[in-house]
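Beneath this line is the structure, given in structure tokens, with notes to follow.
The values are calculated or read from the model by the stated rules, or taken from the named source; none is laboratory data. Predicted model only: the values in this text are computed from it and were never measured. Positions of Cβ are backbone-derived with ideal geometry, glycine not excepted, and every protein chain shown enters the neighbour counts.
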Amino acid sequence: MTAPRFPFVHRAGELCCEDVPLSEIAQRFGTPTYVYSRRALEDAFDAYAQPLAARAALICYAVKANSNLAVLNLLARRGAGFDIVSGGELARVLAAGGDAGRIVFSGVGKTDAEIAQALSAGILSFNVESAAELDAIERVAAAAGRRAPVSLRVNPDVDAQTHPYIATGLRENKFGVAYEEALPLYQRAAASPHLQVVGVAAHIGSQITSVAPFLDAADRLLALVERLTAAGIRLQQIDFGGGLGIRYRDEQPPPPAQLIGALTARVDAAGHADKTLLFEPGRSLVAAAGALLMRVVRRKTGATKNFAIVDAAMNDLLRPALYEAWMAVEAVRPRQGSALRYDLVGPVCESADWLARDRDLALEDGDLLAVLGAGAYGMSMASNYNTRPRAAEVIVDGGRVYCVRRREEISALFRDEFPLP
């Protein structure tokens, strides 16, 4: 069983994005190139927005998944808010036309400068991840003569049943405030003239394929809301975070409407239908909308394996090397004839530089391949390792293709470096 291919489908023997053959994109923009579908991006956002249309809610796209300005702009125009984790991401969102009043700022390492930047911009709220961070926000807000809106990101100690590198809601993880410490910290924040308590937040991990962990975390959050209400602290918003997975291979994640329906039912049953609900999807909005287009440089027969060496590498797509992630790979123009089993590897000087293992493909040198499901944590995690320029990015809109990031030039990679006199 392979991953679903929409919006990447074969027409007349060739893999296309929407109405555009990928070979045309390779010819115009070269390889490697990230290719995104506008239709898929907007449809994925609508899958969250439509079930929430009748209530106060905000879908804050997790910018770290894919921070291209055109992607951010499309989502902003669709009505998205944004979940950021750095001052750089704040600047990106604003440059893309995002509304500062629809931004939540997460992350454990906010600096004083970033806090001041976000306060000045007028963000919706800080998701506070420690007592020390709360102190920093209070200090910066006092110096600026402002009142900072805060929610505590509570660590509910819920196992999301995902890869340990992307689990964030367990007691041993670095994220969030320990559940048992939340109430006294809220009381401290509520007493400060420089802080405005607005909500509670949680985020338990990424690539979660079951509703159950979300409900476990929601139950703990709602129990805390009750305790806060009893202590005289009334919240305006509840942020359930993100983390809903996609189907890379044979996963069966629930659709957003099912997750939202289950969570809103819990909220309403607990008597909190008046609260604004926040969600922070990232991967589930952009992953399936993107593919990494690459070309076979040459094939190599090793002692125990066949290798297809491609012009993309771990610096372009880190997920396989970092998480041993399986991602679907398809030939742009599938060949007839006998397939061989290949490992698809890049030119980077690391044994970890592989994009797919044990794939049965009929290949010739120069063939085009596409790694599907690459719209999330592809370009946003890319680097210049081995002095490799990062890929171009394009968005397909029906039959039109727009370059939304030019391929880097090698000379630009060291223009800010200087030899000693």
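Numbers for the structure displayed
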quantity: Residue check for GLY261: out of contact with any strand residue (DSSP E or B) (no Cβ under 9 Å at 6 or more places or on another chain) and either basic (Lys, Arg) or on the phi > 0 side of the Ramachandran plot (or both); calculated: no
quantity: Tabulated pairs, the stretch 171-196, first surrounded by 18 or more Cβ atoms within 10 Å (Cβ to Cβ) and hydroxyl-bearing (Ser, Thr, Tyr), second modelled with pLDDT of 90 or more and part of a loop (DSSP other than H, G, I, E, B), C-beta under 7 angstrom, 6+ apart or interchain; calculated: TYR186/ILE233
quantity: Failed condition for THR304, given (1) assigned to a loop (DSSP other than H, G, I, E, B); (2) polar (S, T, N, Q); (3) touching a strand residue (DSSP E or B) at 6+ places or on another chain (Cβ under 8 Å); calculated: (3)
quantity: Enumeration of residues in the stretch 201-213 that are buried (at least 24 other Cβ atoms within 10 Å of the Cβ) and either on the phi < 0 side of the Ramachandran plot or assigned to a helix (DSSP H, G or I) (or both); calculated: ALA201, ALA202, HIS203, ILE204, SER206, ILE208
quantity: Total residues in the stretch 332-358, condition outside any loop (DSSP other than H, G, I, E, B) and either over 17 Å from ASP311 (Cβ atoms) or among the small types (Gly, Ala, Ser) (or both); calculated: 5
quantity: Top-ranked residue in the stretch 367-404 [being part of a strand (DSSP E or B), over 18 Å from the mean Cα position of the chain (by Cα) and not hydrophobic (A, V, I, L, M, F, W, C); ranked as nearest to VAL286 (Cα to Cα)]; calculated: ASP397
quantity: Failed item in (1) of a type in the set (Asp, Glu); (2) in a helix (DSSP H, G or I); (3) crowded, with 18+ Cβ neighbours inside 10 Å, with ASP316 passing the rest; calculated: (2)
quantity: Single residue of the stretch 36-51 satisfying the filter (out of contact with any helix residue (DSSP H, G or I) (no Cβ under 6 Å at 6 or more places or on another chain) and in contact (Cβ under 8 Å) with a residue 40 or more places away in the chain) that is nearest to ILE103 (Cα to Cα); calculated: GLN50
quantity: PHE105 of a type in the set (A, V, I, L, M, F, W, C), modelled with pLDDT of 95 or more and surrounded by 23 or more Cβ atoms within 10 Å (Cβ to Cβ); calculated: yes
quantity: Near pairs, Cβ below 8 angstrom, 6+ apart or cross-chain, from the stretch 357-369 (in the same structural domain as VAL310 (by TED's automatic domain parsing)) to any residue that is among the charged types (D, E, K, R) and surrounded by 20 or more Cβ atoms within 10 Å (Cβ to Cβ); calculated: LEU369/GLU330
quantity: Residue list for the stretch 132-164, filter: touching a Lys or Arg at 6+ places or on another chain (Cβ under 9 Å), modelled with pLDDT of 95 or more and not charged (D, E, K, R); calculated: LEU134, ALA136, ILE137, VAL140, ALA141
quantity: Residue identified as among the hydrophobic types (A, V, I, L, M, F, W, C), surrounded by fewer than 18 Cβ atoms within 10 Å (Cβ to Cβ) and outside the structural domain of TYR48 (by TED's automatic domain parsing) among ALA331, ALA392, ALA339; calculated: ALA339
quantity: Failed condition for GLU324, given (1) closer than 27 Å to SER37 by Cα; (2) surrounded by fewer than 16 Cβ atoms within 10 Å (Cβ to Cβ); (3) touching a residue at least 40 places away in the same chain (Cβ under 8 Å); calculated: (3)
quantity: Candidate set from the stretch 234-261 (those that are buried (at least 16 other Cβ atoms within 10 Å of the Cβ) and of a type in the set (A, V, I, L, M)); member that is farthest from GLY282 (Cα to Cα); calculated: LEU235
quantity: Any hit, the stretch 224-247, residues being out of contact with any strand residue (DSSP E or B) (no Cβ under 8 Å at 6 or more places or on another chain), over 16 Å from VAL154 (Cβ atoms) and in contact (Cβ under 8 Å) with a residue 60 or more places away in the chain; calculated: yes
quantity: Per-region count, the stretch 74-101, residues buried (at least 18 other Cβ atoms within 10 Å of the Cβ), in contact (Cβ under 8 Å) with a residue 24 or more places away in the chain and not aliphatic (A, V, I, L, M); calculated: 7
quantity: Condition met for ALA70 (under 23 Å from the mean Cα position of the chain (by Cα) and over 28 Å from VAL310 (Cα atoms)); calculated: no
